[in-house]
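The values are calculated or read from the model by the stated rules, or taken from the named source; none is laboratory data. Just so we're clear, the structure is a prediction, and the values are computed from it rather than from any experiment. Cβ sites come from the backbone with ideal geometry, for glycine too, and all protein chains shown count toward neighbours. Accessible surface is based on the protein model in full, side chains and every heavy atom, while ligands, DNA and RNA are left aside. Shrake-Rupley method; radii C 1.70, N 1.55, O 1.52, S 1.80 Å.
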Amino acid sequence: MKILAAFDSFKESMTAYQAGEAVKTACADMKDVTVTIKPLADGGEGTMSAINSALSGTIHELFVTGPDFRNVDAQLAIIGDLAIIECAQACGLEYLKEEEKNGALMTSLGVGEMIRYAAEHGVHTIVITLGGSASNDGGMGMLAALGVRFYDLDGGLLMPVGASLTAIDHIDLGTLHERYGHITFKGLCDVDNPLVGKKGATYVFGMQKGIAENDLARLDAGMRRYGKLSAQVNGQDDLFTAGAGAAGGLGFAIVNYLKGTLTSGINEVMRLTHLEEAVAECDLILTGEGKMDAQTLMGKAPQGVLKLALKYHKPIVAFAGQVNHKDTLLQAGFSDVRCINHDDIPLMMQLREGMTSLAKEVRQYLKETDHV
């Protein structure tokens with residue numbers, strides 16, 4: 001029997017690849033059982049690692065500017081002429097304590113530094129994952145690292161942070177297109193928010209990035225001003241392009257300045273990792289993530305796997321650290337949805353024992369259903 005292990009990460013417990021390894025452990029002594037691991041992600045944290053694990057690329061480590069302008073250690077993957085950049089590696093919320101969060105004063109500068117590094121290594125395609133950012137600067141920081149300059153009315157150079165957007169008077173593209181025009185850019189996101197408005201980057205995500213509620217209107221107005229000036233400079237209006245509001249407006253900068261595209265994170269990861277071919281060849285699919293509920297069916301990784309399983313009429317079983325709305329998930333097409341945690345033990349212990357618990361639950365399922 002051919003088992004396909006196509007998991008997203010279990011946050012703070014195990015990576016997507018480690019989840020696959022847990023399945024291998026569960027099947028280690030089972031005759032005539034092979035396990036293929038296809039680590040997945042939906043465009044957020046862990047996406048770069050998932051793609052790199054599947055395609056056997058090389059991880060590069062570098063120092064870049066973090067969200068609060070302190071240097072941070074970041075990683076990107078290079079696979080032939082393809083680079084995978086995870087924006088959270090440079091401007092992620094994880095670098096900040098709760099009291100340090102203020103999206104208006106954070107920058108995406110480090111993302112541009114990673115792009116610059118990848119370009120210097122000769123890549124022709126750069127995929128940028130848009131999840132987990134602490135910044136709300138419309139990609140101004142990223143663009144500043146690539147040579148774009150933003151000036152105020154007096155000709156002063158502006159700091160590349162969200163609070164500066166209201167002060168932009170004119171924009172100088174510099175050598176942006178000469179240096180990076182030959183590169184194909186693609187942003188991976190799991191949201192379709194526009195850049196501005198009540199459903200835009202600032203109003204929807206600003207408060208979780210530490211922006212005060214009474215500052216949202218002012219910052220959204222600044223984002224709108226920036227977007228309109230950008231339309232004049234770049235010849236296209238992307239204020240309401242789906243996904244432009246991803247990662248504090250990084251999505252906007254990718255389509256408007258870098259002439260890139262935005263796409264579903266899970267769909268692109270499945271394409272890059274050749275998941276459909278693996279689904280067609282397997283007998284049973286095992287998938288899952290840290291928590292599964294009705295939200296899983298709104299673009300999360302297991303839903304992407306489910307669609308392929310239904311297309312090829314393959315049984316698919318999901319495993320998670322926490323399961324809610326099981327009936328809804330079963331109605332969507334999962335053969336079963338199982339929680340890997342049964343004992344009343346502290347959360348930290350559950351997280352630490354994730355791989356063991358997953359392996360145990362997979363083995364139990366296979367025995368109960370006589371798959372082996």
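Tabulated data
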| item | result |
| --- | --- |
| Sequence-distant residues sharing a close amide H with Ala244 (under 5 Å, placed H) | Leu195 |
| For segment 295-352, alpha-carbon Rg relative to the globular expectation (2.2 N^0.38 Å, N residues) | 1.25 |
| Extension gain from Ala294 to Met30, taking 0.36 nm per residue of separation minus the Cα-Cα distance | 91.7 nm |
| Förster-model FRET efficiency, 22 Å R0, Leu310 and His274, C-beta, rounded to 0.05 | 0.75 |
| Overall form of segment 167-290 per C-alpha gyration tensor (a/c, 1.5; a/b vs b/c) | oblate |
| Residue-count net charge about Gln75 - beta-carbon cut-off 11 Å; Lys, Arg +1, Asp, Glu -1 | -3 |
| Glu368/Asp81 FRET efficiency (R0 41 Å; Cβ-Cβ; nearest 0.05) | 0.30 |
| Potential lengthening between His342 and Gln236 on full extension [0.36 nm per residue; Cα-Cα distance subtracted] | 32.8 nm |
| Placed amide H near Glu86: partners under 5 Å, 5+ positions off or other chain | Thr129 |
| Neighbour net charge for Thr129 - beta-carbon separation under 11 angstrom, K R +1, D E -1 | -4 |
| Extension gain from Arg352 to Tyr151, taking 0.36 nm per residue of separation minus the Cα-Cα distance | 67.4 nm |
| Segment 91-159: C-alpha gyration tensor shape, a/c 1.5 cut-off, then a/b vs b/c | oblate |
| Residue pairs, from the table Lys186/Lys311; Lys291/Lys311; Lys209/Lys291; Lys24/Lys209; Lys198/Lys326; Lys101/Lys198, whose Cα atoms sit over 29 Å apart | Lys24/Lys209; Lys198/Lys326 |
| D (Stokes-Einstein, µm²/s), Kirkwood Cα radius, segment 15-92, 0.890 mPa s at 25 °C | 174 |
| Efficiency of FRET between Leu229 and Glu178 - r from beta-carbon atoms, R0 22 angstrom, step 0.05 | 0.55 |
| Relative contact order (%) - criterion: Cα under 8 Å, at least six apart; region: the chain | 18 |
| Set of aspartates and glutamates with alpha-carbon distance to Lys38 below 17 Å, sequence-local pairs under 8 removed | Asp8, Glu21, Glu268, Glu276, Glu277, Glu281, Asp283, Glu289 |
| Spin-label pair Asn214/His60, simplified geometry with 7 Å Cα→Cβ offset, distance in nm | 4.6 |
| Hypothetical label at His124: residues of segment 247-275 whose amide nitrogen lies under 17 Å (7 Å Cα-Cβ projection) | none |
| Cα centroid separation - segment 1-79 against segment 298-315, whole Å | 19 |
| Neighbourhood charge, 14 Å Cβ-Cβ cut-off, centred on Leu153 and excluding it, Lys, Arg +1 and Asp, Glu -1 | -2 |
| Helical segments meeting 20 Å axial Cα length and Kyte-Doolittle -1.0 threshold in the chain (DSSP H) | 216-234, 354-368 |
| Tail beyond 18 Å, pair distance distribution of segment 1-155 (Cα, percent) | 62 |
| Portion, in percent, of the accessible area of the chain that falls on carbon or sulfur, probe 1.4 Å | 49 |
